[in-house]
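Q: Please find one structure pasted underneath; my questions will follow.
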Amino acid sequence: MSVVIEQPRSPRNRKQANFEKYGWMYMRASGVVLVILIFGHLFTNLFLGEGIKAIDFAFVGGKWSDPFWQVWDLLMLWLALIHGTNGMRTIVNDYTSREGLRKALVIALWAICAALIVLGTLVVFTFDPCPAGSPANLLPSFCPAS
Amino acid sequence: MPSMPAGTLYRGKVGMWSWVLHRITGVAIFFFLLVHVLDTALVRLSPEAYNAVIGTYKTPIIGLAELGLVAAILYHALNGVRVILIDFWRKGVKYQNVMWWVVVIISAVLFLGFAPRHLSHVFGW
């Protein structure tokens, strides 16, 4: 990637500048929200109660039967993946010297981001906390089978 | 003898190292996030599959790695707030150095509040 230094007085390329500007703004806006979402996530899942010891299918099922935590986790999924992918894009832009490699890595990053957002969103909305035929002792206490 | 440059907001000293740490912790958190979305997606498959995989998170080695993850998240989150203050607060640049130490101290306090509790869960103390 060759570096082009523009003439100081040349008019700026508005389209390109805006994409990077919105990316810059997104990192800060999503960052503030993510601090709250992730600190809350760590506090409820790892600090309260039995922490990591208590996390199992029944724990997740119990949480996601409440729309509050569904929305919480969904927001975290979207905001964090886009924030992380854009951060990785910045790093790729900084450290790759071959343009083809840079493009390939950036495309791979956004493809992974999109795949995980689709996967996570589907899981949050199609998740069944009481799957038929599962052992009752693995299910949340509100399931008819348990 | 040429003397060392004094360092600026971006080069050398706190300005640079805070940025280096921000990158390293960011990359680490990103790769954990990829794994974490995949492991959580197993709840859609079966309770047995999810419990088997999440069981490995409760082992001593991964339990210790979780401490590192939480430390990385605390630093990245609080230093991110510092970056926002440098960008938007009128006195942000002036206080960037002291703000970094505030970030380190708050991170350390939160980490020390979390670590004993998490270790007791992992090791059954």
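Q: In this structure, is A:THR90 more than 23 Å from B:LEU38 (Cβ to Cβ) and either part of a helix (DSSP H, G or I) or of a type in the set (D, E, K, R) (or both)?
A: On the way: more than 23 Å from B:LEU38 (Cβ to Cβ): yes; either part of a helix (DSSP H, G or I) or of a type in the set (D, E, K, R) (or both): yes.
Against the criterion (more than 23 Å from B:LEU38 (Cβ to Cβ) and either part of a helix (DSSP H, G or I) or of a type in the set (D, E, K, R) (or both)), A:THR90 qualifies.
Q: Further, regarding this structure: Return the residues of region A:40-58 that are surrounded by fewer than 18 Cβ atoms within 10 Å (Cβ to Cβ) and more than 7 Å from chain B (Cβ to nearest Cβ); say none if nothing qualifies.
A: Once the filter is applied, which keeps residues that are surrounded by fewer than 18 Cβ atoms within 10 Å (Cβ to Cβ) and more than 7 Å from chain B (Cβ to nearest Cβ), region A:40-58 yields A:GLY40, A:HIS41, A:PHE43, A:THR44, A:ASN45, A:LEU48, A:GLY49, A:ALA54.
Q: Further question on the same structure: Residues of region B:102-125 being in contact (Cβ under 8 Å) with a residue 60 or more places away in the chain and more than 11 Å from chain A (Cβ to nearest Cβ), which ones?
A: Of everything in region B:102-125, just one residue is in contact (Cβ under 8 Å) with a residue 60 or more places away in the chain and more than 11 Å from chain A (Cβ to nearest Cβ), namely B:VAL103.
Q: Out of region A:130-146, which residues are facing chain B (nearest Cβ under 9 Å) and either charged (D, E, K, R) or under 15 Å from B:ARG44 (Cβ atoms) (or both)?
A: Within region A:130-146, A:PRO131, A:SER134, A:LEU138, A:LEU139 qualify.
Q: Among the candidates A:LEU109, A:LEU105, which residue alone is more than 10 Å from every other protein chain (Cβ to nearest Cβ), among the aliphatic types (A, V, I, L, M) and either farther than 25 Å from A:PHE68 by Cβ or under 23 Å from the mean Cα position of the chain (by Cα) (or both)?
A: A:LEU105
Q: Is it true that some residue in region A:114-127 is more than 30 Å from A:ALA58 (Cβ to Cβ) and more than 8 Å from chain B (Cβ to nearest Cβ)?
A: yes
Q: Also, quick follow-up: Looking at the structure I just gave you, is B:LYS58 touching a helix residue (DSSP H, G or I) at 6+ places or on another chain (Cβ under 9 Å), modelled with pLDDT under 95 and charged (D, E, K, R)?
A: When the stated conditions are applied, B:LYS58 passes them.
Q: Another question about this same structure. Quick check on region A:63-81. Is at least one of its residues closer than 26 Å to A:LYS103 by Cβ and touching a Cys at 6+ places or on another chain (Cβ under 7 Å)?
A: Within region A:63-81 (the criterion being closer than 26 Å to A:LYS103 by Cβ and touching a Cys at 6+ places or on another chain (Cβ under 7 Å)), the answer is yes, since at least one residue qualifies.
The values are calculated or read from the model by the stated rules, or taken from the named source; none is laboratory data. Keep in mind that what you see is a predicted model, and the values were worked out from it rather than measured. Every residue, glycine among them, receives a Cβ derived from its backbone with ideal geometry; neighbour counts consider all protein chains shown.
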